[in-house]
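Worksheet: the structure to be examined is printed underneath.
The values are calculated or read from the model by the stated rules, or taken from the named source; none is laboratory data. Fair warning: this is a prediction, and the values are worked out from it, not measured in the lab. Virtual Cβ from ideal backbone geometry, glycine too; neighbours counted across all protein chains shown. Side chains included, ligands, DNA and RNA excluded: accessible areas come from the protein's heavy atoms. Shrake-Rupley method; radii C 1.70, N 1.55, O 1.52, S 1.80 Å.
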Amino acid sequence: MKFHAECAACLVEANLRKAAPVQDQALRAEYMRRICEIIAEADMENEAPPLVDARIIRLRRDLLGIEDDFTAIKHSFNQLLLGLCDKLRARIDAAEDPLYAALQLSMAGNYIDFGVLRDVDPDELLRLLDDAAEKHVNRDEYEQLRDDLARPGGELVFIHDNCGEIVLDRLLIETIRRLYPQQEIVSLVRGTPVLNDATLEDAVEAGLPEVAELMENGLEYVAGTDLERVPEAVRARICNAKLVIAKGQGNFETLTGCGLNVYYLFLSKCAGYTQWYGFERFSGVLANDRRMRFGK
């Protein structure tokens with residue numbers, strides 16, 4: 001994804017808020033000056049916003065001594081969804097099309113995103129899960145996905161996004177394994193803590209080792225998956241996979257245009273996506289990298 005003017009404005013606003021604890025106005029000014037330098041020097045044609053934000057996160061750590069700590073928030077959302085697991089699993093099993101129902105729930109869970117939303121309301125999350133059956137999933141892409149899952153051989157690489165949401169991803173993976181028992185599945189999580197994204201520790205808490213092989217992406221502070229920067233072993237698993245399911249906007253932004261058989265699954269929370277991709281805000285997205293026309 002290209003780095004748009006709106007992305008610059010969003011990063012400046014979000015990262016200014018994170019400097020709120022700093023009382024030294026000169027230091028805050030220097031921080032913002034250097035953020036502007038990072039943005040000005042970004043390769044706007046080839047660097048997705050999560051890659052630029054990773055440099056800002058390092059700056060905030062080194063200059064201000066501030067690092068995000070979402071540990072408690074991540075745990076609370078994981079536990080909230082784990083507490084609903086049996087109920088949601090029963091709902092999937094009772095559905096006329098269990099895979100479709102599991103996709104809808106996994107997509108609704110992408111609401112838990114502290115990178116795009118200032119506040120994530122647990123009550124709103126529960127409402128979205130209750131209404132998930134009404135959330136549209138692109139039927140053409142859904143049929144393509146089912147065909148890909150039914151093809152013999154090859155791995156499915158499932159690239160996760162946020163905590164809490166990862167529990168719903170687990171239910172989707174469970175459903176895939178039940179319907180396509182021959183399918184080998186690899187779960188890929190973030191290499192280091194960034195925002196409320198899921199790391200190896202979070203994946204273990206969510207029970208993912210029970211349903212998939214776990215891997216870290218090897219990147220520091222990147223809320224996405226950049227194929228040019230991940231270790232060779234990770235890149236090989238992704239590039240050689242039969243198909244990839246990539247959750248969330250950060251993975252969408254860093255992988256778009258890669259030409260692989262990647263299915264993006266997320267809620268479109270960024271206002272700019274309507275202009276760039278035609279995704280209505282807060283609509284559900286299931287799109288394949290090889291068949292969609294990417295934005296300007």
message: Checking the condition modelled with pLDDT under 95 and either under 25 Å from residue 275 (Cβ atoms) or under 23 Å from the mean Cα position of the chain (by Cα) (or both), which residue from 19, 8 passes?
response: 8
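Scan the stretch 24-54 residue by residue and report those that are in a helix (DSSP H, G or I) and under 19 Å from the mean Cα position of the chain (by Cα).
If we filter the stretch 24-54 for residues that are in a helix (DSSP H, G or I), which is where we start, we get 25-41, 49-54.
Once the filter is applied, which keeps residues that are in a helix (DSSP H, G or I) and under 19 Å from the mean Cα position of the chain (by Cα), the stretch 24-54 yields 49, 50, 51, 52, 53, 54.
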statement: Within the stretch 22-51, the residues that are in contact (Cβ under 8 Å) with a residue 24 or more places away in the chain and either under 16 Å from residue 66 (Cα atoms) or acidic (Asp, Glu) (or both) are 22, 27, 30, 31, 34, 35, 43, 45, 47
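Results for (1) more than 30 Å from residue 13 (Cβ to Cβ); (2) in contact with a Leu (Cβ under 8 Å, 6 or more places away or on another chain), shown as yes or no for each residue.
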residue	(1), (2)
65	no, no
70	no, yes
73	no, no
81	no, yes
84	yes, yes
96	yes, no
110	no, yes
123	no, no
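Can you find a residue in the stretch 231-250 that is within 17 Å of residue 188 (Cβ to Cβ), in contact with a Pro (Cβ under 6 Å, 6 or more places away or on another chain) and touching a residue at least 12 places away in the same chain (Cβ under 8 Å)? Step through it out loud before you land on a result.
Taking the stretch 231-250 as the starting set, the residues that turn out to be within 17 Å of residue 188 (Cβ to Cβ) are 231-250.
Add one more test, that the residue is in contact with a Pro (Cβ under 6 Å, 6 or more places away or on another chain), and what stays is 250.
Filter again for touching a residue at least 12 places away in the same chain (Cβ under 8 Å), leaving 250.
Within the stretch 231-250, one or more residues are within 17 Å of residue 188 (Cβ to Cβ), in contact with a Pro (Cβ under 6 Å, 6 or more places away or on another chain) and touching a residue at least 12 places away in the same chain (Cβ under 8 Å).
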- prompt: Where residues in the stretch 52-101 are in contact with an Asp or Glu (Cβ under 6 Å, 6 or more places away or on another chain) and touching a residue at least 60 places away in the same chain (Cβ under 8 Å), which of them is surrounded by the most Cβ atoms within 10 Å (Cβ to Cβ)?
  reply: 74
field: Of the criteria (1) within 12 Å of the chain's Cα centre (by Cα); (2) surrounded by 20 or more Cβ atoms within 10 Å (Cβ to Cβ), which one residue 269 fails
entry: (2)
field: Residue in the stretch 127-137 that is farthest from residue 84 (Cα to Cα), counting only those that are open to solvent by 60 Å² or more (accessible area, probe 1.4 Å) and of a type outside the set (Lys, Arg)
entry: 136
query: Out of all the residues in the stretch 179-193, is one or more at pLDDT 95 or above, surrounded by 16 or more Cβ atoms within 10 Å (Cβ to Cβ) and among the basic types (Lys, Arg)?
result: yes
task: Being open to solvent by 10 Å² or more (accessible area, probe 1.4 Å), of a type outside the set (Phe, Trp, Tyr) and within 21 Å of residue 184 (Cα to Cα) narrows it down to one of 213, 201, 205, 220, so name that one.
output: 213
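Residue-wise test of (1) polar (S, T, N, Q); (2) touching a strand residue (DSSP E or B) at 6+ places or on another chain (Cβ under 9 Å); (3) modelled with pLDDT under 95; (4) closer than 16 Å to residue 213 by Cβ.
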site: 134; (1), (2), (3), (4): no, no, yes, no
site: 138; (1), (2), (3), (4): yes, yes, yes, no
site: 145; (1), (2), (3), (4): no, yes, no, no
site: 149; (1), (2), (3), (4): no, yes, no, no
site: 156; (1), (2), (3), (4): no, yes, no, yes
site: 161; (1), (2), (3), (4): no, yes, no, no
site: 170; (1), (2), (3), (4): no, yes, no, yes
site: 173; (1), (2), (3), (4): no, yes, no, yes
message: I need a count of the residues in the stretch 211-230 that are in contact (Cβ under 8 Å) with a residue 40 or more places away in the chain and farther than 19 Å from residue 48 by Cβ.
response: 2
field: Residue tally, condition part of a loop (DSSP other than H, G, I, E, B), of a type in the set (Gly, Ala, Ser) and either in contact with a Leu (Cβ under 7 Å, 6 or more places away or on another chain) or surrounded by 21 or more Cβ atoms within 10 Å (Cβ to Cβ) (or both), over the stretch 223-259
entry: 3
message: Can you confirm whether residue 274 is open to solvent by less than 30 Å² (accessible area, probe 1.4 Å), closer than 26 Å to residue 143 by Cα and not in a strand (DSSP E or B)?
response: no
task: Would you mind stating whether residue 61 is more than 21 Å from the chain's Cα centre (by Cα) and more than 15 Å from residue 222 (Cβ to Cβ)?
output: no
task: Go through the stretch 107-123 and count every residue that is farther than 15 Å from residue 283 by Cα and open to solvent by 40 Å² or more (accessible area, probe 1.4 Å).
output: 6
